[in-house]
Each structure stands twice: as C-alpha cells, then as structure tokens.
Amino acid sequence: RLKDEQSNPQADVFWSSEVFMTIQLAEEGVFEPYSSTVTIDWPGPKDAENRWYGFASRARAIVYPTDRIKPEELPRTWMELSQEKWKDRIAMADPRFGTTRGHMGAMKAYWDRSVAPGFYTAYLQGLAANNMPVLPSGNAGVVRAVASGEVDLGMTDTDDVWAAQRNGAKVDLVYPAHGLPGETGTGTLLIPNTAGLVRGGPNPEHAKALMDFLLSEETERILAESDSHNVPVRPDLAKRYLAYAIADTLRIDYDLVADTMDEAVAEAVRTLMADATRTGGE
C-alpha cells in the first residue's frame, strides 16, 4: 500500500516490527531521511542515509516443551535441525512472510558467504528430508504446535514464546548459533523494530513528533516491559532487563539480508513447500 500511494501518500510514519522489508521500502524511495536530537549518536542499527532506525529487538529462537525435552537434549546450532534425530519433530512458519522470511535471508547470506557456497541449499534439503511441516499460522502457530505435542521443536520468535508462557504453556526457548559452538558473532539473529518517515506525508510536523517518540528511551522501556520483552538497543537500558539478554548475536549486514531474502525465500518454498509451488506460490 505504501508503494501504491507514493504519488499521493496517506501515511506519515511507518513502524514495523522487523527490519528487512523496511530496507526494501527505503530502497524503493518510500521514506525520506530524518534526523533529530533523538537520533544523534544512535546506538542501534540505522540506514546510512537516515531513512530508517532500528530499536527494541526481538530474536529468532527454537521453542521446545519443558515437559518432554531436557535442556541438554536441545540443538545448540540451527544446522542441527537437519539431523535425522529430529525427523518428524520440528516445524516452522511459512517462509514467505514475517520474520521467518528475514531469517531465511540471513541464513543464506551468512552461510553461503561465511561457511560454504551451497550450504543454505543443503540445509533446506535436510529440513525437507526431516518432513518438516510449514505452518500457515505463523510463529505463534509454531509455538502452539509445540505446546500441544504436534511437534517437539519449532523455529519462532522470542515474543511468541513469552506470550505462550504468560498463557500457561509449558514451553521455553533456546538460542541456537548459526556457527559452531564457541564461536563469537555467529549466534542469535536479532530483529529490531524499525521506523521511517514517509516521503511527502500529509502531516510532517506530527510525523516528526511521532518518530521522536518511537525512537525514545521511553518507547524502548515500554516494549521491554511488555509481553514481547523486546531487547533495548540502548546499552544502559538493556542492563535493566538482563533476564532477556542474549549472550552472542549474529553479526550480519541487514542490507545484505534484505538483498538476499527474496532469493532465499523462493528456494525455501521450492524445497519445503511443493504444494505452494504447484499452486502459484513463490
């Protein structure tokens, strides 16, 4: 809709709970550069041209049932999900949408450049050999499938696990690495919220005020204390929420992921969703 309205914008600010589609919109000219006293020395991810800013991150994780799997049995890397012992025991959300889409792009961007060309393809083939269902109900549906006993592990987001725990589900999460255990900079994929000022929006002054609020310490605190427990990008604020701290994160260029994402998703659909391919999916 933002792209369709570019000649006559109706929105003033775009706020997304992920970053990769925001980058694609920025590259298509949807946003204009924005700077204010709030954005000086911005501590989190941001666009080189100040068209978007990242704040209050969620993370990709594996959800598991605390009453059926012991912590020592859990995979410590994402690659382990392709092992035969997890056959018929794992699920993921439709890779064409949301953070699963971005995660596929990050996996391909990182593995094919930092591990070996074709590693992402081999990983998808391993998941397909494990008969992994792709659920149309999103990451929350993946958590429900684990909680109900349909599968034992699920690829999901942290906020969906925290919400399930709030509702009494016997689930918890683990943060697998994208590299080998013990390596640094190969850990958890963080996915920040993002905000951008729509180019030519009808209410520029109100839009700037909203941008400053979304990028404020107050908003990060609100999101950290919400059911989503987003991790603040402000280091001093993050120290107040150590229960949700992540020891090691994946060092990756978000722009590279955004460039890789569509190709990665198309390959995931071909490999994991034969029915979707036959019915006109990506």
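The values are calculated or read from the model by the stated rules, or taken from the named source; none is laboratory data. Keep in mind that this is a model prediction, so the values were computed, not measured. So basically every Cβ, Gly included, is an ideal-geometry build from the backbone, and we count neighbours across all protein chains shown. Note: areas computed on protein heavy atoms with side chains; ligands, DNA, RNA excluded. Shrake-Rupley method; radii C 1.70, N 1.55, O 1.52, S 1.80 Å.
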query: Using 0.36 nm per residue, how much length does the chain from Ile69 to Glu218 gain when fully extended, once their Cα-Cα distance is taken away?
result: 49.8 nm
query: Spin-label point model (7 Å from Cα, Cβ direction): what's the Phe97 to Leu180 distance in nm?
result: 3.9
message: Amide H of Lys46 versus every other amide H placed in the peptide plane: which residues, excluding those fewer than 5 positions away on the same chain, fall under 5 Å?
response: Gly54
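Restricting to DSSP loop positions (anything but H, G, I, E, B) with no more than 16 other Cβ atoms inside 10 Å of their own Cβ, which trypsin sites (Lys or Arg not before Pro) remain in segment 29-79? Before the final figure, lay out the partial values.
Working: sites: Lys46, Arg51, Arg58, Arg60, Arg68, Arg76; in loops: Arg51, Arg68, Arg76.
Here the sparse-neighbourhood loop sites are Arg68, Arg76.
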task: Quick one: among Arg144, Arg101, Arg251, which has the greatest mean-square fluctuation in a GNM of the chain with alpha-carbon springs under 10 angstrom?
output: Arg251
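In debye to the nearest 20, how big a dipole does segment 80-169 give about its Cα centre with +1 on each Lys and Arg Cβ and -1 on each Asp and Glu Cβ?
Working: 9 positive and 10 negative charges, 30 e Å.
The calculated dipole for segment 80-169 is roughly 140 debye.
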- prompt: Hey, in the GNM for the chain with a 10 angstrom Cα cutoff, which one of Ile191, Ile40, Ile246 fluctuates hardest?
  reply: Ile40
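Based on the alpha-carbon gyration tensor of segment 1-111 and its eigenvalue square roots a ≥ b ≥ c, which shape applies: rounded if a/c is under 1.5, prolate if not and a/b is larger than b/c, or oblate?
Working: a/c = 2.93, a/b = 2.15, b/c = 1.36.
Here segment 1-111 falls in the prolate category.
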query: Once the piece of chain linking Ser137 and Tyr241 is laid out straight, how much longer is it, given 0.36 nm per residue of separation minus the C-alpha distance between them?
result: 34.5 nm
message: So if I place +1 on the C-beta of Lys and Arg and -1 on the C-beta of Asp and Glu, and nothing else carries charge, what would the dipole magnitude of the chain be about its Cα centre? I want it in debye, nearest 20.
response: 600
- line: Counting only protein heavy atoms with a 1.4 Å probe and every protein chain in place, the carbon and sulfur fraction of the accessible surface of the chain in whole percent equals 49
- request: Give the distance, in whole Å, between the Cα centre of segment 1-30 and the Cα centre of segment 116-191.
  value: 28
- prompt: Which Cα, out of Met132, Ala245, Phe20, lies furthest along the positive dipole direction of the chain (beta carbon charges, K/R +1, D/E -1)?
  reply: Met132
statement: Rounded to one decimal in nm, the spacing of the 7 Å Cα→Cβ label points at Trp15 and Asp253 is 3.1
task: At 1.4 Å probe size, with every protein chain present, just tell me what the per residue accessible area of segment 228-278 comes to in Å².
output: 55
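Can you list the GluC sites (Glu not before Pro) in segment 35-85 that are in a DSSP coil and have 15 or fewer other beta carbons within 10 angstrom?
Values: sites: Glu49, Glu72, Glu73, Glu80, Glu84; in loops: Glu49.
Here the GluC sites (Glu not before Pro) that fit, given the DSSP loop and packing criteria, are Glu49.
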message: So I have (i) 168; (ii) 147; (iii) 136, and one of them is volume of the Cα convex hull per residue in Å³ calculated from this model. Which one is it?
response: (iii)
- request: Can you tell me the relative contact order of the chain? Whole percent, Cα pairs under 8 Å, sequence separation 6 or more.
  value: 32
